[in-house]
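Visitor: Sending over a structure as structure tokens; questions will come in a sec.
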Amino acid sequence: MTQETWGHVRGELLKSVGKNNFSAWIEPITFEEVADRTAHFVVPTNFIGTWVSQHFGDVILRHLISAGMPVERVEFAVGGQNAAPATGNANAAPRTVTAQPAPVPAAANPVVEFNLNPNFTFTNFVVGKPNELAHAAARRVAEGGAVSFNPLFLYGGVGLGKTHLMHAIAHELRNNKPELKVIYLSAEQFMYRFIRALRDQDTISFKELFRSIDVLMVDDVQFIAGKNSTQEEFFHTFNALVEMGKQIIISGDRAPVDMDELDSRIASRLQCGLVVDLHPTDYELRLGVLQQKFETQRERHPDLKIAPGVLEFIAHRVSSNVRVLEGALTRLFAFADLIGCEITMDMTQECLSDILRASDRKVTMDEIIKKTCEHYHLRQTDLMSPSRARNVARPRQMAMYLCKKLTTRSLPEIGRKFGGRDHTTILHGVRKIEELISLDSQIAEDAELLRRMLEA
Ligand code: ADP
Ligand code: MG
């Protein structure tokens, strides 16, 4: 089997196991080779190997077979550079695990349209600074009153809650305004429907359907950028609905102006409505999401215990993508459930070692200098200058301190970055800030704030 086939099978697996399971269990495994009718995978830890084998071995095998692979078994072995050291009895599982289910032909996976995730509600959506505008706009649209901003365009990076908010709007409208005809679909599904209509020479009913809607939601519009006949049709649907005063809600991964291949007419139409973006999550929002998921989980498993500081640790270390955050928690709960004990810090570090490694964000000295200047309202040339004025010297020392703490640069390297200063000057600056942090709460606050911004 080639990596390409595995890429295809991964796509199928995503559909059958769901995004959450996918990111917790399928993403961490790497396909290696097929040998002796066995598909070999590398897993980052024994625990993941055991779990994937027990819970997803069958489905992986089934998809491999239906992709035409001559396999009868799947095997998971710990290895590769991502291997975590096997420590503690939590890892007493065998290094290699084999799933050997009877081969079953995979059921065709029909494209399910207008399918709403019951968990994607407003109640389950944690609001914080990075998403409060998007949330407020979604709430307003969900009231179903007079159309005030049309279209509503939500954009932001993956896993920040665009789909969640759109489903929440749909749930809310279905409950409160059942008379409205609401349709939610991805831009991809829109395209497939359109292509099918063309093929079946039935574009009339396609147009009728889409022109009879009260609220149309199209997710991930970037998908149709560059697909010209679909864009054309989308544009007409869009205009027809806007003219009839119907609400349209669209999401994308970028601002309309930044989507290169998006029809400029569509882009300017989108620009006419309300465009709001979801910012990358910050520490507080991540912690809020983790606490909420933990509480939900505990309702089902009242025995679940977690050591103090674990959620804070995850919020601090795992990336801004909420899906990755959820995947991490899912895995942790499974682990605790399996070995029946409290979730401790050690267990967390071991169980999530691959995710923690992947999200180790590298902060650069340039970013530190830029953010420090912004924070103190200074120009970079001033920060680098020889000036010893306190209002410049302190921020400069702060930047040196952060370079030492947040990067792996040596003192001479930092010295060179700061206009060829001697390493003893840097050391002095670092020590000075360390000392002030314990004496001066303003300095301590500045350091903490900057560190958080840089690591967010
Ligand atoms: P996007 O569509 O932006 O890629 P999703 O809406 O699919 O992201 O969100 C990814 C996952 O993260 C979903 O399971 C969603 O429920 C969850 N999620 C995202 N933002 C939040 C939030 N603010 N509160 C709770 N869960 C969230
Ligand atoms: Mg989405």
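Visitor: So what is the 222 nm mean residue ellipticity for the chain from helices alone, if each DSSP H run of at least 4 adds -39500 (n - 2.57) and you divide by all residues, rounding to the nearest 500 deg cm²/dmol? Mind dumping the intermediate values first?
Guide: Numbers: 19 runs with 243 residues, N = 456.
Computed ellipticity for the chain at 222 nm equals -17000 deg cm²/dmol.
Visitor: Just add up the charged neighbours of Pro151: K/R +1, D/E -1, any other residue whose Cβ is under 12 Å from the Cβ of Pro151. Intermediate values should be presented prior to the final figure.
Guide: Details: positive: Lys246, Arg269; negative: none.
Taking every other residue near Pro151 into account, the sum is +2.
Visitor: Given Cβ point charges of +1 (Lys, Arg) and -1 (Asp, Glu) and nothing else, what value in debye, to the nearest 20, does the dipole of the chain about its Cα centre take?
Guide: On the way: 52 positive and 56 negative charges, 215 e Å.
That gives the chain a dipole magnitude of about 1040 debye.
Visitor: Among Ile369, Leu285, Ala336, whose Cα projects farthest towards the positive end of the dipole of the chain, with charges put on the beta-carbon of Lys, Arg (+1) and Asp, Glu (-1)?
Guide: Ile369
Visitor: Show me the ranking of peptides 230-240, 140-150, 19-29 by mean Cβ neighbours inside 10 Å, starting with the highest. Don't skip to the end; give the middle numbers.
Guide: Details: 230-240: 18.1, 140-150: 16.0, 19-29: 20.1.
Put in order of decreasing packing, that is 19-29, 230-240, 140-150.
Visitor: Let me ask another. Say the dipole of the chain comes from +1 at the beta carbon of Lys and Arg and -1 at that of Asp and Glu; which of Val310, Ser438, Asn176 then lies farthest toward its positive end?
Guide: Ser438
Visitor: Less than 13 Å apart at the alpha-carbon level, and either on another chain or at least 8 residues along: which aspartates and glutamates does that give for Lys432?
Guide: By straight Cα distance, Lys432 reaches Asp440.
Visitor: Please compute P(r) over all alpha-carbon pairs of the range 337-379, binned at 5 Å starting from zero, and give each bin as a whole-number percent.
Guide: Reading the bins upward from 0: 5, 17, 14, 12, 10, 10, 11, 9, 7, 4, 1, 0.
Visitor: Lys19: which aspartates and glutamates have alpha carbons under 12 Å from its alpha carbon, excluding same-chain residues fewer than 8 sequence positions away?
Guide: Glu27, Glu326
Visitor: Which whole-number percent is the relative contact order of the range 214-277 (Cα, under 8 Å, 6+ apart)? Please report the intermediate quantities before stating the final value.
Guide: Values: 61 pairs, mean separation 26.7, N = 64.
This gives 42 percent for the range 214-277.
Visitor: Still on this structure: List the aspartates and glutamates whose alpha-carbon lies under 18 Å from that of Lys181, not counting same-chain residues fewer than 8 positions away?
Guide: Glu113, Glu143, Glu172, Glu208, Asp214, Asp219, Glu243
Visitor: Would you mind working out the magnitude of the charge dipole of the range 195-318 relative to its Cα centre, with +1 at each Lys and Arg C-beta and -1 at each Asp and Glu C-beta, to the nearest 20 Debye?
Guide: Values: 15 positive and 21 negative charges, 54 e Å.
Charge dipole of the range 195-318: 260 debye, to the nearest 20.
Visitor: Among Leu61, Val257, His423, which residue has its Cα furthest toward the positive end of the charge dipole of the chain, with +1 on Lys/Arg Cβ and -1 on Asp/Glu Cβ?
Guide: Value: His423.
Visitor: With an 8 Å Cα cut-off and a minimum separation of 6 or more residues, compute the relative contact order for the chain in percent. Each step should come with its number before you reach the end.
Guide: Numbers: 645 pairs, mean separation 59.0, N = 456.
Across the chain, relative contact order equals 13 percent.
Visitor: Under the Kirkwood approximation for Rh and a Cα-based Rg, what ratio Rg/Rh is obtained for the range 164-255?
Guide: 0.96
A short reminder: the numbers here are calculations on the coordinates, not readings from a lab. The structure presented is a predicted model; accordingly, all values stated were derived computationally and were not measured. When we count neighbours, we look across all protein chains shown, and the Cβ atoms used for this are built from the backbone with ideal geometry, even at glycine.
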